[in-house]
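Right, one structure below, let's go through it.
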Amino acid sequence: MTTSGKGQTALVTGASGGIGLDLAECFAADGYDLILTARSADALETEAKRLADKYGVGATPIAVDLGEPGGGKKLADAIAARGLDVDVLVNNAGYGIAGAFNGSRNNEQLGMIDLNVRALVELTHVFWPSMLAKKRGGVLNVASTAAFQPGPLMAIYYASKAFVLSFSEALWKEAEGTGVHVSCLCPGPTQSNFRQRAGTGKTRLSRTGTPMPSMLVAQQGYRGFRDNRRVVITGTRNAVVAHVVPFLPRRTVLGLVHSMQSPV
Ligand SMILES: NC(=O)c1ccc[n+]([C@@H]2O[C@H](COP(=O)([O-])OP(=O)(O)OC[C@H]3O[C@@H](n4cnc5c(N)ncnc54)[C@H](OP(=O)(O)O)[C@@H]3O)[C@@H](O)[C@H]2O)c1
């Protein structure tokens, strides 16, 4: 078994379930100690113990609401107070809300920006300098295939993921040659609690194909990060679509996404 992460610590946000928990398991399997964070303290406690026992790594659960203003700083302070350091930051916590912008709830729309964008930037800003100073580790950001085009009927979610993709690619370039890795994982539909919270279960998109298992998505993301791949799109169909979209007229793309995000 390879243990290339031995002596390093990976902080994984949104690690109480879904893709984040499986990403945490990939890092643990490679010897990384873990810091697991999300809001659900009990789930974090249980999963930290399970992963520590299974892989013989350290695993520290820290429950924080990263959607709250100052959530990122609160988490960074809690990590420092425990005398822990972060080599790899996995910005995975995020959510989407389906539906037209008109009539949507203000707190949910702004909440997506707070969690998917603001907290991700805040945490990266905290840990980035020490990664560069140590010339190792890096950032694995979880965006989505939503990042590659605007998303009528899920506008803020798509825009938030476009931000994550753009930010990640820029950081990848800034880190080039330093030994610090940056990858942006772009999953398509994936089995997790995402759909339940997003309310996307009735859309045309949700009827096309079977969502990928979250562990498969996590494994592809982990391998991509290890190889410092700038962008990792999971699934062949998702990759083909993402590469074709820039060559289509924008008006056509908007019509297609609007149709896919419409209830059937
Ligand atoms: N599933 C998909 O189809 C899909 C596709 C593309 C991209 N993604 C992206 O993948 C990432 C992971 O999503 P998932 O599919 O694994 O969904 P999930 O099962 O709903 O997991 C989301 C994670 O984020 C945490 N979280 C939510 N709100 C939080 C907050 N305010 N503060 C801290 N943690 C919070 C949740 O834990 P708590 O509830 O305990 O806080 C949970 O651990 C997201 O960024 C999502 O946008 C998902």
- prompt: What do you reckon, how do M112, M260 stack up by accessible area (1.4 Å probe), largest on top?
  reply: M260, M112
message: Give me P(r) over the chain, computed from all C-alpha to C-alpha distances, binned every 5 Å, as integer percentages.
response: 1, 6, 13, 18, 20, 17, 12, 7, 4, 1, 0
Cα centroid separation - segment 1-33 against segment 160-231, whole Å: 16 Å
field: For G67, net neighbour charge (Lys/Arg +1, Asp/Glu -1) across residues whose Cβ lies under 15 Å away
entry: +1
message: From the protein chains alone at 1.4 Å, what is the descending order of accessible area for W128, W172, largest first?
response: W172, W128
query: Which residue, chosen from A43, A146, P246, occupies the Cα position most advanced towards the positive end of the dipole of the chain, where the dipole is computed from +1 (Lys, Arg) and -1 (Asp, Glu) charges on Cβ about the Cα centre?
result: P246
- request: Compute the Cα gyration tensor for segment 162-260, then decide on rounded, prolate or oblate, letting a ≥ b ≥ c be the square roots of its eigenvalues: rounded whenever a/c is under 1.5, prolate when a/b is larger than b/c in the other cases, and oblate in all that remain.
  value: oblate
- line: Counting only protein heavy atoms and rolling a 1.4 Å probe, one gets per residue an accessible area for the chain in Å² of 47 Å²
Accessible carbon and sulfur surface of segment 53-96 relative to its total accessible area, %, 1.4 Å: 48 percent
Sequence-distant residues sharing a close amide H with S262 (under 5 Å, placed H): R204, L205
- prompt: Normalised by the residues of segment 195-264, what does the relative contact order come to in percent, with Cα pairs under 8 Å and at least six apart?
  reply: 53 percent
message: Taking 8 Å as the Cα distance limit and 6 or more residues as the minimum spacing, I'd like the relative contact order of segment 113-264 as a percentage.
response: 27 percent
- line: Quick note, segment 36-87: a/c under 1.5 would make it rounded; otherwise a/b > b/c is prolate and the rest oblate (a ≥ b ≥ c, C-alpha gyration tensor); here it is oblate
message: As a test question: what accessible area, to the nearest 10 Å², does H243 have when a 1.4 Å probe is rolled over all protein chains in place?
response: 120 Å²
For the chain, share of DSSP beta bridges that run antiparallel, in % to the nearest 5: 5 percent
statement: Counting every C-alpha pair in segment 140-180, the percent lying more than 10 Å apart is 68 percent
field: Positive-end residue, the chain charge dipole about Cα centroid, Cβ charges, pick of G58, T200, M215
entry: T200
- request: Report the local net charge at E169: Lys and Arg +1, Asp and Glu -1, summed over other residues whose C-beta lies under 12 Å from its C-beta.
  value: +1
- request: Express the relative contact order of segment 106-193 as a whole percentage, based on alpha carbon pairs under 8 Å and six or more residues apart in sequence.
  value: 35 percent
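The values are calculated or read from the model by the stated rules, or taken from the named source; none is laboratory data. On a predicted model such as this, the values are computed, not experimentally measured, just so you know. Note that we place each Cβ from the backbone using ideal geometry, even for glycine, and neighbour counts take in every protein chain shown. Protein only, heavy atoms only, side chains kept; ligands, DNA and RNA dropped before computing areas. Shrake-Rupley method; radii C 1.70, N 1.55, O 1.52, S 1.80 Å.
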